[in-house]
Amino acid sequence: MYNNILDVKGLKVGQVEDRNGLTGCTVVICEEGAVCGVDVRGGGPGTRETDLLNPINMIQKVHAVVLSGGSAFGLESTCGVSKYLEENNIGFDVGVAKVPIVVGAVLFDLGVGNPKSRPNIEMGYRACQVASDTKLNQGNFGAGCGATVGKIKGIEYAMKGGIGSHSIKLPNGLVVSALVAVNAFGDVYENGKVIAGVMDDEKKNVLNSYELMKNGVNKGGFSIDNTTIGIVATNAKLDKAGCKKVSQMAHNGYAKAIFPIHTPHDGDTIFTMATGEVETDITLLGSLATEVVEKSIINAIKNAESIGEIRSYRLRIFYRSEEHTSELQSRFGISYAVFCLKK
């Protein structure tokens, strides 16, 4: 197992980013088509073709799901994905052509890098060209390139978000995975503790956005510079209604790892893709989806790297490690950072 979304056979992931403009896009391709559902929450979503995924509507399968930066401008990247798929004869056969079914969602990262740099047709096309079924980068890649978290005090006190993935395989062969681009208004938690979010004025410690809100802090925070978007992928046999239910339950993973979540300033969205190999119970499947989404969010944070003045979890841990270096050097002859690596 790769321990990421590529554990679901039949999927490929391509990611392209603009390191100068600090934006990018991620595409998950299923050439044979995957049954798909979606659940959109939060007050500021930006999506493509989500109405098509309503269980009452005709089309049953999608050929690609796109996660993109660039706010509404980034939806243009989905057209590049559609172009690539058509050129490669992938799509829904309507007789006179094969129409690629491409759905997607965007996050807001315009305030981090160059607001004129946005995922476009060319970027979406290139993401398809580099798509792989064996390699997936996490952190500052694809839609996670310009992602940030903890913005109640403004972007200058935020920390770096990113893109992360995690998967679970059960003895019966069921695989449930997630891929999440984490760009939240709120903080990110692991085991009940904040690991990334709004920083104090000295940028040494992470504060608690909820507690700040209760004390009346909202400087720069109540903006639209947010949105966490993700995909649950599984080899389970599901119809579109089942996929939608899994997406609904998977939002619990958002709620376990991010708080505040689903605010008027986020457009949080989860797609579920099912390739149809293993019979399973939806209650179990939705619970597994909750776990992989939560862990994908944590992986996104732990794999992210600092950009400019926006610090990452890794850099914060490094700074904290320096405080313990003297003690550990005297006891073990190594720095705290090396100690952690050895552990």
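So is Thr148 among the polar types (S, T, N, Q), within 16 Å of the chain's Cα centre (by Cα) and either on the phi > 0 side of the Ramachandran plot or open to solvent by less than 10 Å² (accessible area, probe 1.4 Å) (or both) or not?
Values: among the polar types (S, T, N, Q): yes; within 16 Å of the chain's Cα centre (by Cα): yes; either on the phi > 0 side of the Ramachandran plot or open to solvent by less than 10 Å² (accessible area, probe 1.4 Å) (or both): yes.
Yes; evaluated as a whole, the condition is true for this residue.
Which of the residues spanning region 259-283 are surrounded by fewer than 16 Cβ atoms within 10 Å (Cβ to Cβ) and under 22 Å from the mean Cα position of the chain (by Cα)?
Within region 259-283, just Pro264 meets the criteria.
For the structure I just gave you, tell me whether Lys237 is out of contact with any Cys (no Cβ under 8 Å at 6 or more places or on another chain), over 30 Å from Val28 (Cβ atoms) and of a type in the set (Lys, Arg). Break it down into steps so the answer makes sense when it comes.
On the way: out of contact with any Cys (no Cβ under 8 Å at 6 or more places or on another chain): yes; over 30 Å from Val28 (Cβ atoms): no; of a type in the set (Lys, Arg): yes.
Here the answer is no, as Lys237 does not meet what is asked.
Condition test on Pro119, is it part of a loop (DSSP other than H, G, I, E, B) and open to solvent by 10 Å² or more (accessible area, probe 1.4 Å)? It would help to see each step written out before you state the result.
Details: part of a loop (DSSP other than H, G, I, E, B): yes; open to solvent by 10 Å² or more (accessible area, probe 1.4 Å): no.
Criteria not met by Pro119.
Say whether the condition of being touching a strand residue (DSSP E or B) at 6+ places or on another chain (Cβ under 8 Å) and at pLDDT below 90 is met by at least one residue in region 311-327. So that I can check it myself, show each step before the final result.
Looking only at region 311-327, we keep the residues that are touching a strand residue (DSSP E or B) at 6+ places or on another chain (Cβ under 8 Å), and these are 311-313, 316.
The next check asks that each one be at pLDDT below 90; those that pass are 316.
Yes, there is a match, as at least one residue in region 311-327 is touching a strand residue (DSSP E or B) at 6+ places or on another chain (Cβ under 8 Å) and at pLDDT below 90.
Can you tell me which of (1) open to solvent by 10 Å² or more (accessible area, probe 1.4 Å); (2) of a type outside the set (D, E, K, R); (3) modelled with pLDDT of 95 or more is the one Ala178 doesn't meet?
Only one criterion is unmet by Ala178, namely (1).
Would you mention how many residues in region 92-110 are open to solvent by 20 Å² or more (accessible area, probe 1.4 Å), part of a loop (DSSP other than H, G, I, E, B) and farther than 29 Å from Ile155 by Cα? First the steps, then the outcome.
Let us first name the residues in region 92-110 that are open to solvent by 20 Å² or more (accessible area, probe 1.4 Å), namely 92-99, 108, 110.
Those left that are additionally part of a loop (DSSP other than H, G, I, E, B): 94-97, 108, 110.
Next, only the ones that are farther than 29 Å from Ile155 by Cα stay: 94-97.
So the answer is 4.
Which residue, of Gly37, Gly44, is surrounded by fewer than 22 Cβ atoms within 10 Å (Cβ to Cβ), on the phi < 0 side of the Ramachandran plot and not in a helix (DSSP H, G or I)? If you could, list the steps in order and put the result at the bottom.
Details: Gly37 fails: surrounded by fewer than 22 Cβ atoms within 10 Å (Cβ to Cβ).
Criteria check complete, one pass: Gly44.
What residue, of Tyr210, Tyr254, is at negative phi, more than 14 Å from the chain's Cα centre (by Cα) and of a type in the set (Ser, Thr, Tyr)? I'd like the intermediate steps shown before the answer.
Working: Tyr254 fails: more than 14 Å from the chain's Cα centre (by Cα).
Of Tyr210, Tyr254, the one residue that is at negative phi, more than 14 Å from the chain's Cα centre (by Cα) and of a type in the set (Ser, Thr, Tyr) is Tyr210.
Could you please find all residues in region 60-87 being part of a helix (DSSP H, G or I), of a type outside the set (A, V, I, L, M, F, W, C) and either open to solvent by less than 10 Å² (accessible area, probe 1.4 Å) or under 16 Å from Ala233 (Cα atoms) (or both)?
Going through region 60-87, the residues part of a helix (DSSP H, G or I) turn out to be 71-87.
Next, only the ones that are of a type outside the set (A, V, I, L, M, F, W, C) stay: 71, 74, 76-78, 80, 82-84, 86-87.
Within region 60-87, Gly74, Ser77, Thr78, Gly80 meet the criteria.
Scan region 153-175 for residues that are at pLDDT 95 or above and charged (D, E, K, R) and report the count.
The number of residues fulfilling the criteria is 2.
(1) crowded, with 24+ Cβ neighbours inside 10 Å; (2) in contact with a Leu (Cβ under 6 Å, 6 or more places away or on another chain): which one isn't true of Ile168, the others all being true?
With (1) crowded, with 24+ Cβ neighbours inside 10 Å; (2) in contact with a Leu (Cβ under 6 Å, 6 or more places away or on another chain) applied to Ile168, the lone miss is (1).
Is it the case that Ile163 is farther than 27 Å from Gly124 by Cβ, open to solvent by less than 20 Å² (accessible area, probe 1.4 Å) and of a type outside the set (Ser, Thr, Tyr)?
Numbers: farther than 27 Å from Gly124 by Cβ: no; open to solvent by less than 20 Å² (accessible area, probe 1.4 Å): yes; of a type outside the set (Ser, Thr, Tyr): yes.
So Ile163 does not fit the description; no.
Given the conditions (1) open to solvent by less than 50 Å² (accessible area, probe 1.4 Å); (2) modelled with pLDDT under 95; (3) among the aliphatic types (A, V, I, L, M), report the number of the one that Ile298 does not fulfil.
(2)
The values are calculated or read from the model by the stated rules, or taken from the named source; none is laboratory data. Here the structure is a predicted model, which is why all the values come from computation and not from measurement. In this analysis, Cβ positions are derived from the backbone assuming ideal geometry, glycine residues included, and neighbour counts consider all displayed protein chains. We work out accessible area using only protein heavy atoms, side chains counted, and drop any ligands, DNA or RNA first. Shrake-Rupley method; radii C 1.70, N 1.55, O 1.52, S 1.80 Å.
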